[in-house]
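The values are calculated or read from the model by the stated rules, or taken from the named source; none is laboratory data. Predicted model only: the values in this text are computed from it and were never measured. Cβ placement follows ideal geometry from the backbone for every residue including glycine, while neighbour counts extend to all protein chains displayed.
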Amino acid sequence: MSAASNGAGGNGGKKFLMTTSWDDGHPLDFRIAELLRKCGLTGTFYVPPSSQRQVMTAAQVRELSGTFEIGAHTLDHVRIDRVPDAEASRQLLGSRRWVEETTGKKCSAFCFPGGKFNGRQLRLVREAGFRAARTVELLSIEEPRCVSGLWIIPTTIHAFPHGRLTYAKNAVKRMKGSHLLSLPAALFAKDWVALAMEMLIRTSERGGVFHLWGHSWEIEEEKQWKKLELLLGTIGAWREKWKGVTNGRNEHGSFTRCGETKSRR
Ligand SMILES: [Zn+2]
């Protein structure tokens, strides 16, 4: 087996994982899916069955699930930190069941609409049967970490033209070395694609997980398709350096229950 195809990335032994995630289930997700496919990338689409915006039909979600992982995003795109716990649990459990019935596959990953949560919501997500929860933590290339029995999945880059202040606030809020280390790059990058390229090089050199996320409807609104295509093309050209994973599966397969150890095969 050549170094370039050893499954961990032909990268001097450093693990370089690549994942993407796309929220809200807008029908333009098919345009994202086509780009990902073209560049040899995989990822997870977090789809609610109903939302404030248009969403894919169940048949479309089933079709998408043939190639990509589908994660849960509540039943009605509800911020679970803003509703009573009983309603949050209904939204969580209902969305997991909906994804599993629609796709015929197990759904282990959840993503918080609005991105806000505290320890209580983490417990509810775990109790609804999920193993992993994606956050909107930016500038991270760290692997998911175990918190309150859930794998918490940070992200690296949001496909959106954020101002510098957003990155600064995000990094200061987490106050973690890795985010603060990436902050200068975020403050000086020409745009989000330039920042993504910088983070891509950093992940390749240090090892870690590069996680790009976004919303197809937002890319349309902000006219970011060309930039996204440019970035995905670059990532695709580096295909021999990284190994693609979805949010619910790492390089060894589905996540174990967080906090439990078992054979990695
Ligand atoms: Zn959302």
If we keep only residues of segment 195-224 that are under 14 Å from the mean Cα position of the chain (by Cα) and among the aromatic types (F, W, Y), then the residue farthest from the ligand (Cβ to nearest atom) is F210
With criteria (1) surrounded by 15 or more Cβ atoms within 10 Å (Cβ to Cβ); (2) more than 16 Å from the ligand (Cβ to nearest atom), W98 comes up short on (2)
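Rundown of residues vs (1) over 25 Å from V55 (Cα atoms); (2) free of Cβ contacts under 8 Å to residues at least 40 places away in the same chain; (3) in contact with a strand residue (DSSP E or B) (Cβ under 7 Å, 6 or more places away or on another chain), yes/no style:
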{"site": "H211", "(1), (2), (3)": "no, no, yes"}
{"site": "L230", "(1), (2), (3)": "yes, yes, no"}
{"site": "G236", "(1), (2), (3)": "yes, no, no"}
{"site": "E260", "(1), (2), (3)": "yes, yes, no"}
* Kindly indicate whether R134 is more than 18 Å from the chain's Cα centre (by Cα) and within 26 Å of G259 (Cα to Cα). => no
So V136, is it of a type in the set (A, V, I, L, M) and within 16 Å of the ligand (Cβ to nearest atom) | yes
Flagged in segment 196-252 as of a type in the set (S, T, N, Q) and under 15 Å from T155 (Cβ atoms), in numbering order, are T203, T246, N247
Any chance L200 is crowded, with 20+ Cβ neighbours inside 10 Å and touching a residue at least 12 places away in the same chain (Cβ under 8 Å):
yes
| request: Return a yes/no flag: does segment 10-27 have any residue that is in a helix (DSSP H, G or I) and either surrounded by fewer than 19 Cβ atoms within 10 Å (Cβ to Cβ) or in contact (Cβ under 8 Å) with a residue 24 or more places away in the chain (or both). | output: no
Reported set for segment 194-223 where residues are touching a helix residue (DSSP H, G or I) at 6+ places or on another chain (Cβ under 8 Å) and farther than 13 Å from L139 by Cα is G214, S216, I219
Next on the checklist: Condition check: surrounded by fewer than 21 Cβ atoms within 10 Å (Cβ to Cβ) and at pLDDT below 95. Does E142 satisfy that?
Outcome noted: yes
Checked segment 242-265 for anything modelled with pLDDT of 80 or more and of a type in the set (V, I, T); matches are V245, T246, T256
What do you reckon, is K227 more than 16 Å from the ligand (Cβ to nearest atom), part of a helix (DSSP H, G or I) and surrounded by fewer than 22 Cβ atoms within 10 Å (Cβ to Cβ)?
yes
Filter segment 230-265 for residues that are hydroxyl-bearing (S, T, Y) and farther than 22 Å from M56 by Cβ; the one that is nearest to the ligand (Cβ to nearest atom) is S254
K190 fails exactly one of (1) modelled with pLDDT of 90 or more; (2) out of contact with any Phe, Trp or Tyr (no Cβ under 9 Å at 6 or more places or on another chain); (3) outside any helix (DSSP H, G or I), namely (1)
